[in-house]
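These notes are about the structure you will find just below.
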Amino acid sequence: MLSIKRIHHAAVICSDYERSKRFYVDVLGLGIVNETYRAERKSYKLDLRVGEQDQIELFSFPDAPERLSYPEARGLRHLAFEVDDIEAAVAALTAQGIEVEEIRTDETSGKRFTFFADPDGLPLELYEY
């Protein structure tokens, strides 16, 4: 039987590497683990730490095609970040000029959540745990 322990990372391809790097590092506060420029691909790969052990890999590729987000299409729907205090997290984002949807309550879990977007429109969620 397969024994999966956890999700190791999520990969995101961006259209503007410097803009997305600033967003994920300066706005969201993720730590840089490693940054690599791959000349043969004309591509950056930025490994970002989320919490204690999780990671996001931020990639740039020249002329990467756009991905549909709305209306919802098949595939990865969104990336969710767990927070302790959703009001404080929303306030921090809005102070950076990030538009955040209204805080809602999950009907199943009773937990509060909201959505915002990265610079390429990738849906991101804050989930209060």
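The values are calculated or read from the model by the stated rules, or taken from the named source; none is laboratory data. These numbers were taken from a predicted model, which means no experiment stands behind them. FYI the Cβ positions are ideal-geometry reconstructions off the backbone, even for glycines, and counts take in every protein chain you see.
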Next item on the list: Could you grab me the full set of residues in the range 12-59 that are touching a helix residue (DSSP H, G or I) at 6+ places or on another chain (Cβ under 9 Å), in a strand (DSSP E or B) and not aliphatic (A, V, I, L, M)?
Entry: 14, 31, 35, 43, 44, 59
Margin query: Quick check on this structure: which one of 75, 51 is in contact with an Asp or Glu (Cβ under 8 Å, 6 or more places away or on another chain), small (Gly, Ala, Ser) and free of Cβ contacts under 8 Å to residues at least 40 places away in the same chain?
Written below: 51
Note to self: I'm told residue 14 meets every condition in (1) free of Cβ contacts under 8 Å to residues at least 40 places away in the same chain; (2) touching an Asp or Glu at 6+ places or on another chain (Cβ under 7 Å) except one. Can you identify the failing condition by its number?
What the structure shows: (1)
Check: Looking at (1) exposed (fewer than 15 other Cβ atoms within 10 Å of the Cβ); (2) farther than 23 Å from residue 94 by Cβ; (3) within 14 Å of the chain's Cα centre (by Cα), can you tell me which one residue 41 breaks?
Finding: (3)
Next item on the list: Output the number of residues of the range 60-87 satisfying the condition of being outside any strand (DSSP E or B), small (Gly, Ala, Ser) and either loosely packed, with under 10 Cβ neighbours inside 10 Å or under 15 Å from the mean Cα position of the chain (by Cα) (or both).
Entry: 2
Note to self: Please go through the range 88-102 and give me each residue that is farther than 15 Å from residue 120 by Cβ, of a type in the set (Val, Ile, Thr) and assigned to a loop (DSSP other than H, G, I, E, B), ordered by number.
What the structure shows: 100
Notebook entry, point to check: In this structure, does residue 46 turn out to be under 22 Å from residue 7 (Cα atoms), assigned by TED's automatic domain parsing to the domain that holds residue 8 and touching a Cys at 6+ places or on another chain (Cβ under 8 Å)?
Noted result: no
